[in-house]
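The values are calculated or read from the model by the stated rules, or taken from the named source; none is laboratory data. What you are looking at is a predicted structure, and each value in this text was computed from that prediction instead of being measured. Don't worry about glycine lacking a Cβ; one is built from the backbone with ideal geometry, like all the others, and counts go over all protein chains shown. Areas reflect the complete protein model, heavy atoms only, side chains present, ligands, DNA and RNA absent. Shrake-Rupley method; radii C 1.70, N 1.55, O 1.52, S 1.80 Å.
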Amino acid sequence: MTMSLFPKPTEMAHAWLKKVLVLGDQVIDATLGNGYDALFLAQCVGPEGRVHGFDVQEAALVASTQQMLRHGIVDEVYDWHLASHDKMEDYVDSPVKAVMFNLGYLPGADHAVMTSAVTTLAALEAAARLIVPGGLMTIVCYPGHAGGDREAEAVQSWASQQGQEWHVVHYAKRATKQAAPELIALQKKEVSR
Ligand code: SAH
């Protein structure tokens, strides 16, 4: 399948992650949801890699496990945590190559359970500490959803302050009516000698 020139933010995140991930990497999905991103990550890192996944809803963990089973991903590869992503360092104590965020609510579940600016920012800080030089953080925000606008603004303003240690990119379609989803991606700079 040929990729469109301007793919959706979620697809663009995958394309960039594919460029940095290699077999055996350790990575984090900070918002498991239905497990699509976690499956993608598991396929990138292979049987020797590891995907840590976080969500505050049991239903998301269950859906993500089913996703793995359907695609024959062995359970040594993934490790789910029923915990808020701002606590990720309590569960992951070694460096990771990438951390993915897909903010907002779980499609098809209770829309009242959604990510929110304060914990999201704390999670971004934690992710920034865990990622190795050359590694990637991707954040898909939904400014068109109620509550998502303030969160997207907070993420953008946080990202714009990280320029010293990170390459920071903002990818979004120009909105016509409703604000479009957007992707913010940060690659940690390699340390120059
Ligand atoms: N909006 C996206 C899907 C996002 S799913 C889309 O349409 O594709 C976002 C997931 O984040 C949900 O499953 C939700 O339960 C989870 N979540 C909410 N707050 C969280 C937190 N503090 N830590 C980890 N996950 C959280």
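Okay, here's what the table says:
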| item | result |
| --- | --- |
| Computed lengthening from H111 to E153, 0.36 nm per intervening residue step minus Cα-Cα distance | 13.1 nm |
| For the chain: accessible area per residue (Å², 1.4 Å) | 53 |
| Helix-derived mean residue ellipticity, 222 nm - over the chain, DSSP H n ≥ 4, -39500 (n - 2.57), to 500 | -10000 deg cm²/dmol |
| Fraction of accessible area attributable to carbon and sulfur, segment 66-193 (%, probe 1.4 Å) | 50 |
| Ratio of the Cα radius of gyration of segment 1-143 to 2.2 N^0.38 Å, where N counts its residues | 0.97 |
| Summed residue charge, Cβ within 13 Å of A38's Cβ, Lys/Arg positive, Asp/Glu negative | -3 |
| Rounded FRET efficiency, nearest 0.05, which uses the C-beta distance separating V191 from E76 and R0 of 25 Å | 0.20 |
| Distance between segment 42-97 and segment 100-164 - C-alpha centres, whole angstrom | 18 |
| Surrounding net charge for H52, when Lys and Arg each add one and Asp and Glu each subtract one, Cβ distance under 10 Å | -1 |
| Solvent accessible area, Å² - V169, 1.4 Å probe, full protein context | 70 |
| Stretch in the chain that is longest and holds no GluC sites (Glu not before Pro) that DSSP places in a loop and that have at most 14 other beta carbons within 10 Å | 77-164 |
| Listed residues Q162, Y91, V74: farthest to the positive end of the dipole of the chain (Cβ charges) | Q162 |
| Debye log10 I(q)/I(0) for segment 22-105, one point scatterer per Cα, at q = 0.23 Å⁻¹ | -1.08 |
| Debye-sum result for segment 154-193 in log10 I(q)/I(0), which assumes one identical scatterer on each alpha carbon, at q = 0.16, 0.29, 0.32 Å⁻¹ | -0.48, -0.98, -1.08 |
| Net charge over other residues, Cβ less than 15 angstrom from the Cβ of Q164 (K, R count +1; D, E count -1) | 0 |
